[in-house]
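Student: Pasting a structure here, questions to come.
Where a number appears in this text, it was derived from the coordinates with a stated rule and is not lab data. None of these values were measured; they are calculated from a predicted model. Virtual Cβ from ideal backbone geometry, glycine too; neighbours counted across all protein chains shown.
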Ligand code: CP
């Protein structure tokens with residue numbers, strides 16, 4: 001079975017294939033009948049052990065637009081709350097012969113664990129602070145669509161880098177595609193030396209914004225850290241919030257991106273979030289196309305390198 005476990009295991013050719021496939025699927029969502037028969041007869045289960053709006057809805061919509069039978073399970077309404085292990089849950093789902101399981105889980109490596117043990121394709125919809133591959137791919141699709149290329153661009157990622165699976169997947173993806181990545185955030189929320197993965201790192205947001213082609217803002221992952229270490233929202237927004245003033249440091253046509261959910265007034269001002277440079281809802285729109293591409297490719301649609309767990 002093919003899996004999408006992380007960007008780390010993908011080559012630049014794999015990423016290009018996914019983006020090209022997503023581009024070809026994008027048009028389906030604009031049709032009056034928003035459906036193609038590509039995955040007719042396939043069963044997809046979306047199982048989410050953590051909250052989600054965008055990822056969960058778009059994987060379900062993506063599956064339905066490809067004519068697959070899709071269903072959703074939330075951990076909070078499943079037998080997980082009665083103490084069932086992840087492996088037992090997966091083995092019970094496997095007995096119903098799904099073709100693909102899309103999983104979000106709070107623990108890094110949970111999708112890899114399933115991929116090793118179960119006979120279906122696994123797509124990682126976010127695992128702990130590790131990777132969120134479909135998010136990075138929809139981000140790259142949006143950048144490529146707006147800028148024509150990814151190679152040679154300067155991308156500033158600002159916020160809680162240390163706890164962000166979005167940042168980690170984007171650093172892998174952007175570096176593989178030839179972009180320069182700058183990371184900025186408070187010292188306590190920056191990655192350790194080993195996790196910098198070839199990115200430039202600074203505690204000064206202005207340094208990261210200077211001349212950037214793309215500015216990607218991240219929220220503080222309150223759920224992944226002790227509250228005692230967190231700065232106040234006011235203090236945080238003063239040093240690491242994007243507003244119309246500091247956005248001027250980036251290129252005049254810089255893209256403003258955010259994976260969502262946004263905390264308006266904290267990491268991003270409403271003026272910028274709703275401003276002319278924002279492509280935040282383009283990211284969400286492209287999320288459906290990217291997830292259609294991933295579901296198609298793991299189903300054997302075209303040659304995508306196998307990801308081993
Ligand atoms: N960007 C993202 O993963 O959003 P959700 O948590 O709403 O899925």
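Student: Across the range 110-143, what is the number of residues that are out of contact with any helix residue (DSSP H, G or I) (no Cβ under 8 Å at 6 or more places or on another chain) and within 17 Å of residue 286 (Cβ to Cβ)? Working first, answer last.
Tutor: To start, the set of residues in the range 110-143 that are out of contact with any helix residue (DSSP H, G or I) (no Cβ under 8 Å at 6 or more places or on another chain) comprises 111-112, 115-116, 143.
Those still in the list that are within 17 Å of residue 286 (Cβ to Cβ) too: 143.
Residues in the range 110-143 being out of contact with any helix residue (DSSP H, G or I) (no Cβ under 8 Å at 6 or more places or on another chain) and within 17 Å of residue 286 (Cβ to Cβ): 1 in total.
Student: Counting only residues that are in contact with a helix residue (DSSP H, G or I) (Cβ under 6 Å, 6 or more places away or on another chain) and assigned to a loop (DSSP other than H, G, I, E, B), which one in the range 160-175 is nearest to residue 107 (Cα to Cα)?
Tutor: Let us first name the residues in the range 160-175 that are in contact with a helix residue (DSSP H, G or I) (Cβ under 6 Å, 6 or more places away or on another chain), namely 160-163, 166, 169-170, 173.
Restricting the remaining residues to those that are assigned to a loop (DSSP other than H, G, I, E, B) gives 160-163.
On the way: 160: 18, 161: 17, 162: 15, 163: 12 Å.
Per the criteria, the residue is 163.
Student: Sort out which residues of the range 108-133 are within 16 Å of the ligand (Cβ to nearest atom) and touching a strand residue (DSSP E or B) at 6+ places or on another chain (Cβ under 8 Å), and write them in order of number. Before you say what the answer is, go through the steps one by one.
Tutor: Just the residues of the range 108-133 that are within 16 Å of the ligand (Cβ to nearest atom), to begin with: 108, 110-111, 123-133.
108, 110, 111, 123, 124, 125, 126, 127, 128, 131, 132, 133 - these are the residues of the range 108-133 that are within 16 Å of the ligand (Cβ to nearest atom) and touching a strand residue (DSSP E or B) at 6+ places or on another chain (Cβ under 8 Å).
Student: Of everything in the range 41-57, what is touching a helix residue (DSSP H, G or I) at 6+ places or on another chain (Cβ under 7 Å), more than 8 Å from the ligand (Cβ to nearest atom) and either assigned to a helix (DSSP H, G or I) or farther than 22 Å from residue 114 by Cβ (or both)? Give them in sequence order.
Tutor: The answer is none; no residue qualifies.
Student: If a residue must be more than 13 Å from the ligand (Cβ to nearest atom) and touching a strand residue (DSSP E or B) at 6+ places or on another chain (Cβ under 6 Å), how many such residues does the range 65-76 contain? Walk me through how you get there before you give the answer.
Tutor: Kept after step one, since they are more than 13 Å from the ligand (Cβ to nearest atom), are these residues of the range 65-76: 65-71, 73, 75-76.
So of that shortlist, the ones also touching a strand residue (DSSP E or B) at 6+ places or on another chain (Cβ under 6 Å) come out as 68-71, 73.
The qualifying residues number 5.
Student: Step by step: first the residues of the range 266-290, then only those that are assigned to a helix (DSSP H, G or I) and free of Cβ contacts under 8 Å to residues at least 60 places away in the same chain, then the one that is surrounded by the most Cβ atoms within 10 Å (Cβ to Cβ). Which residue is that?
Tutor: Residues of the range 266-290 that are assigned to a helix (DSSP H, G or I), as a first pass: 270-273, 280-290.
Still in the running and free of Cβ contacts under 8 Å to residues at least 60 places away in the same chain: 270-273, 280-281.
Working: 270: 11, 271: 14, 272: 23, 273: 17, 280: 19, 281: 10.
Top of the filtered list is 272.
Student: Something else about it: Of everything in the range 250-265 that's more than 25 Å from residue 125 (Cα to Cα) and in contact with a strand residue (DSSP E or B) (Cβ under 9 Å, 6 or more places away or on another chain), which residue is surrounded by the fewest Cβ atoms within 10 Å (Cβ to Cβ)? Full working, then the answer.
Tutor: Going residue by residue through the range 250-265, those that are more than 25 Å from residue 125 (Cα to Cα) are 250-254, 265.
From the residues that got through so far, the ones that are in contact with a strand residue (DSSP E or B) (Cβ under 9 Å, 6 or more places away or on another chain) too are 250-251, 254.
Numbers: 250: 22, 251: 17, 254: 22.
Step by step, filter the range 250-265, then rank; the result is 251.
Student: In the range 79-90, is there at least one residue being within 15 Å of the chain's Cα centre (by Cα) and within 30 Å of residue 191 (Cβ to Cβ)? Break it down into steps so the answer makes sense when it comes.
Tutor: Within the range 79-90, the first condition is being within 15 Å of the chain's Cα centre (by Cα), and the residues that meet it are none.
No - not one qualifying residue is present in the range 79-90.
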